[in-house]
Amino acid sequence: MPLQDLLGYLAQLLGGAAITVELAFSGYACALTVGTAWALLRRLDNPVGNAAWRAYASIFMGVPSVLVIFLFYYGGSAIIGGLVGIVGLRPRVDVSPFAAGLAALTVVQGAYSAEVISGAMRNVPRGQFEAARALGIRPYQVWWYVIMPQVARLALPGLTNIWVSVLKDTTLVALAGLNEIVARSRTAAGATKEPFLFFIAAALFFIVFSAATLKFSAGIERRLDRGIARPVSAGAEA
Amino acid sequence: MKFDPALALHSLPDMLHGLWATIALAASVVALGLLIAIPLAVARDSRHPVLAWSAAAYVIFFRGTPAMILLFFVYFGFGQVFGARDGFLGALFSNAFLCAVIGFTLNHSSYVTEIVRGGLLAVPKGLVEAAAALGIEPRDVFLRIRLPLAIRYGLKAYQNEVILFTKATAVVSVITVVDLTAVANNIFYDTYDPFTPLLTAAAFYWVLVNLLRIGLARVDAWLNAHLKADESRGQAIAVHSTARAPAPLAPLGEPAQ
Amino acid sequence: MTAAVPAGDAERPVAVAFRQVDKWFGHFQALTQINLDVHKGEKIVVCGPSGSGKSTLIRCINRLEKHDRGHIVVNGIEVGDSARAILDVRREVGIVFQQFNLFPHLTILENCMLAPRLALHMPREKAETLAMRYLARVHVAEQAGKYPAQLSGGQQQRVAVARALCMEPRIMLFDEPTSSLDPELIKEVLEVMEELANEGMTMICVTHEMGFARRVADRCAFMDQGQIVEIASAGRFFDAPESARLKAFLSQILH
C-alpha cells in the first residue's frame, strides 16, 4: 500500500476527528445547560418537578444511549412532526445524524450532569448561604459570587468524567451514519487492509484527547482549590 | 409516532433471543472483568516498575479507548490476522460473540481495575497497620482486611460501572452480534416502524437495568450490615464511599513510585 | 540477628533497648540519638509536646516506622528489615492506637480472633475461648457479637486492648489511647490499662493523662524535638523536674 494512500486515509481520520470534537463540544455544552436547568428545578423541591425529574432520570439513565440516538435519528422527523403538529404545522424535517447525536447526548448526559451539579449544590454548606445573606448580600449575588464558585469546585471531578463520557459516546453516532473518526477508521481499515494502524490511530486520538482534558481539568481544579485547606499528610508526627 | 402493540407482541420471541444474547455477553464480561481487575489493581500499585507500568499502560489504553474501537480492533484486527487459520485462535477470532467478549472485557476490566484500586486506597491506613502490628502476614492482611474493605468502599462505584457497561453492550451489532438492539433494528428495517421495536427494546433494557440496580443494592445492604448502628446508640459511623456519577474515573495517573 | 543484647541484671532483663537511634522523615529529624532501656515489667510513660517524636519512638519498636540509624532490640530480637524478625517482634509486642483501628467488617469477637487464627494458626474453638477470656478481662464480653460501629468509643478502645492481648504479647505499646475519647469515656480505658499494669505487663505509653502517669508509671520520659530530654522515676519527674523544658511543659500541662 503506497505511503501516500495511507497518509491520505490518516488525513481522513483527522477530518473525522474534527467532527467528533465538534459533536462532543456542542453535546457537552448542551448537556451542561440541561443539567443545570434540572438541578435548579430540583432545588425548588416542587412535587411536580421532582416527579418529572425522577421519570426523566429513570428513563434516560436506564436505557442505552445508542437506543436514544436511534430513536431520535429514525424517529426524529416523526417526533418533530408530531410536536409541531400540535400547533397545526406539518413540516417535513429530516434529522441528520449529527443532530440526532447532539439531541441524544444532550438528553442523556444532561441527566448525569444534573446529578453531579445537584450533588455539588447540596454539598455546599448551608452556612455559606446564611452567612452571605446575613451580610446583606442580595440573593442573585450570593449565587454568583459565593455559591456557584463552590459548586463548580465540587462538581468538577464529576463534570470531567461526563466530558470523557460525551467524547466517547460520540462514537455511537457512527451507528446512525455520522462519518466521524471511528467510522472513517473502519472505512480506511477495510480499504487498506491495515486494521491495526487505523484503529490504534483512532484509539490514540481518544486517549490523548482524554489525557489532555484531565490535565486541563487538574489545572482548573488547582485554581478553584486556592485557599482550601488540605489535610496535612502523615509524615512528621508527634 | 405510534406504538403498535400487535407488532410488539409478535416480536417478543426474537426480542427475548436478543435479550438473552445481551445478558450472556454482559454476564461473561462482568465475571471476566472482575477476575482480571483484582490482580491488575494490585499490579498497578506494585513496587516493581515493570508490573506497575504495564498495568498502568493497560488501564490507560483500554479505558481511554471507546468500546466500539476495541470491538473493531479485536474483530477486524485479530480476526483478519487469525481468522482464516485453523486451530484455537482461528476459531476464537472468527466468532463474533467471543470477539465481543474479548473487546468488552478489555474495556470493562480497565474501569474495574481503577475502582478496585480506589477501594484499596480508601481503606484507612490505620486498619492495615493494626493488622500488621498484630503479626498477621501481608498476604492475610490483604485477603482478610484490605480486600473485603476495598470491596465495600468500591461497591457503589462498581455498581455504577456494571450498569453503565450493560447499557454499553448495545453497540455490539457493529460486529454482527445479534443482541437486543440488533433485533430491534432488524424489525425496524423490516417494518419501517422505528418506534415500536425501539421502545420495546428500551423497555427491556430499562427493566434489566433496574433489576440490576435492585439486586446490587441488596448486595450493598448485606455487605454493609455491620454499619447499622444499635438503636440505642442512635448513630452510625459512615464508611467513606467512593461513589460518583457516572462511573468514576480516577485521574490517568502515574503508577505508585 | 547479631545484636549485642543489652546487659541487664538477671532479675531485670531488658525488654526493649534503643541504642543511638536516629530517624528522619525526609529532611526532618524525628528521632535524635535515642538511648533507652525498658526493663521487663516496667511501665514507661512518654510525654511531650506535639511533634516531639513520641509516637514515632514507639512505632519504631514494632516497625510501623523504620529507624534509619542505631539499633532497636526487642526481647533479644533486632528490629530490622528481615521479614521474619519483624513478624517475631510483632508477636512479642501489642499496640493500641489512638484511632482504635478496629476492623469494621468483623464482629468484636472476630476482631480478637483474627490474629491468633491467622498468625498463630490457632484452631477456631481455641481462638474463640481465648478471645472471650480477654474480652471479659476488659469488661466487654457481652458485646462479643456486635460490630465496632455499635459500640461507644470507650468500649471500642477496650476491645482494641483485648485484641492486642489475644496475641499474648509480652510488651504493650499505647499510642495516645484516650486522646480520641470523650472525657467521660477516658476513665474506663485507663482503668483497664491500670489493671494490666498491676498484672506485671511491660508497658510503654504515650499519653497526656498525667494523673495516670503519676499513679502507674515506674519512669516517665519527656521528649522534645526528637530527643529524650529527661527521664526519671515518676515521683521525681513530677515533683522535682530538672530540665527547664520539662519544667515549662509541666507548668503548661498541669493547670
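Along the charge dipole of the protein assembly as shown, Cβ charges K/R +1 and D/E -1, which of A:Gly49, C:Ala131, A:Thr160 sits furthest on the positive end?
So the residue furthest toward the plus end is A:Gly49.
Over the whole of C:97-107, what's the average partner chain Cβ count within 10 Å per residue? Rounded to a whole number, please.
Details: counts 5, 1, 6, 3, 9, 3, 8, 10, 13, 4, 1.
For this peptide, the per-residue mean of nearby foreign Cβ atoms is 6.
To the nearest whole number, what is the average tally of beta carbon atoms from other chains within 10 Å of the beta carbons of peptide B:121-129?
3
What net charge do the residues around A:Ala31 carry, taking every other residue with its C-beta under 13 Å from that of A:Ala31, with Lys and Arg at +1 and Asp and Glu at -1? Working shown, then result.
Values: positive: none; negative: A:Glu115, A:Asp169.
Taking every Cβ under 13 Å from that of A:Ala31, the sum is -2.
Before anything else, pin down the relative contact order of chain B: Cα pairs under 8 Å, at least 6 apart, normalised by residue count, whole percent.
It rounds to 28 percent for chain B.
Distance between the C-alpha centers of the stretch A:193-225 and the stretch B:43-69? Whole Å please.
Distance between centres, Cα-based: 15 Å.
When a footprinting reagent is the concern and you count Cβ atoms within 10 Å, what order do A:Cys30, C:Cys60 take, fewest first?
Ascending number of Cβ neighbours within 10 Å: A:Cys30, C:Cys60.
What do you get for trypsin sites (Lys or Arg not before Pro) in the stretch A:109-196 restricted to DSSP loop and a cutoff of at most 14 other Cβ within 10 Å of the site's Cβ?
A:Lys193
What is the local net charge at C:His71, summed over the other residues whose Cβ is closer than 10 Å to its Cβ (Lys, Arg +1; Asp, Glu -1)?
+1
Let me check against my output: what whole-number percent is the relative contact order of the stretch C:10-99, with C-alpha pairs under 8 Å and at least 6 apart?
The value is 29 percent.
Write down the percent of antiparallel bridges among all DSSP beta bridges whose residues are both part of chain C, to the nearest 5.
55 percent
Among all the lysines, which ones have a C-alpha under 16 Å from C:Lys23's C-alpha, if same-chain residues fewer than 8 places away are not counted?
By straight Cα distance, C:Lys23 reaches C:Lys54, C:Lys66.
Rounded to the nearest 500 deg cm²/dmol, what is the calculated helix-only ellipticity per residue at 222 nm for chain A, with -39500 (n - 2.57) per DSSP H run of length n ≥ 4?
Rounded to the nearest 500, it is -26000 deg cm²/dmol.
Counting other C-beta atoms within 10 Å, and keeping those with at most 11, which DSSP coil trypsin sites (Lys or Arg not before Pro) do you find in the stretch A:27-114?
A:Arg92
Give the peptides C:238-245, C:158-165 in descending order of average Cβ contacts within 10 Å, highest first.
Descending packing order for the listed peptides: C:158-165, C:238-245.
Report, in deg cm²/dmol and to the nearest 500, the calculated mean residue ellipticity at 222 nm for chain B, where each DSSP H run with n ≥ 4 adds -39500 (n - 2.57) and the sum is divided by the residue count.
-22500 deg cm²/dmol
To the nearest whole number, what is the average tally of beta carbon atoms from other chains within 10 Å of the beta carbons of peptide A:156-169?
On the way: counts 0, 5, 5, 0, 2, 7, 3, 0, 6, 4, 0, 2, 9, 3.
Mean partner shielding for this stretch: 3.
Could you pull out every residue, at least 5 positions away or on a different chain, whose amide H is within less than 5 Å of the one on C:Glu42? Hs are placed 1.01 Å off N in the peptide plane, and Pro or chain starts have none.
Sorted by chain and number, the residues that satisfy this are C:Met203.
With an 8 Å Cα cut-off and a minimum separation of 6 or more residues, compute the relative contact order for chain A in percent.
Computed over chain A, the figure is 29 percent.
Report the local net charge at A:Ile59: Lys and Arg +1, Asp and Glu -1, summed over other residues whose C-beta lies under 15 Å from its C-beta.
With Lys, Arg at +1 and Asp, Glu at -1, the neighbours total +2.
Coordinate-derived values only; no laboratory data. All values reported here derive from a predicted model rather than from experimental measurement. In this analysis, Cβ positions are derived from the backbone assuming ideal geometry, glycine residues included, and neighbour counts consider all displayed protein chains.
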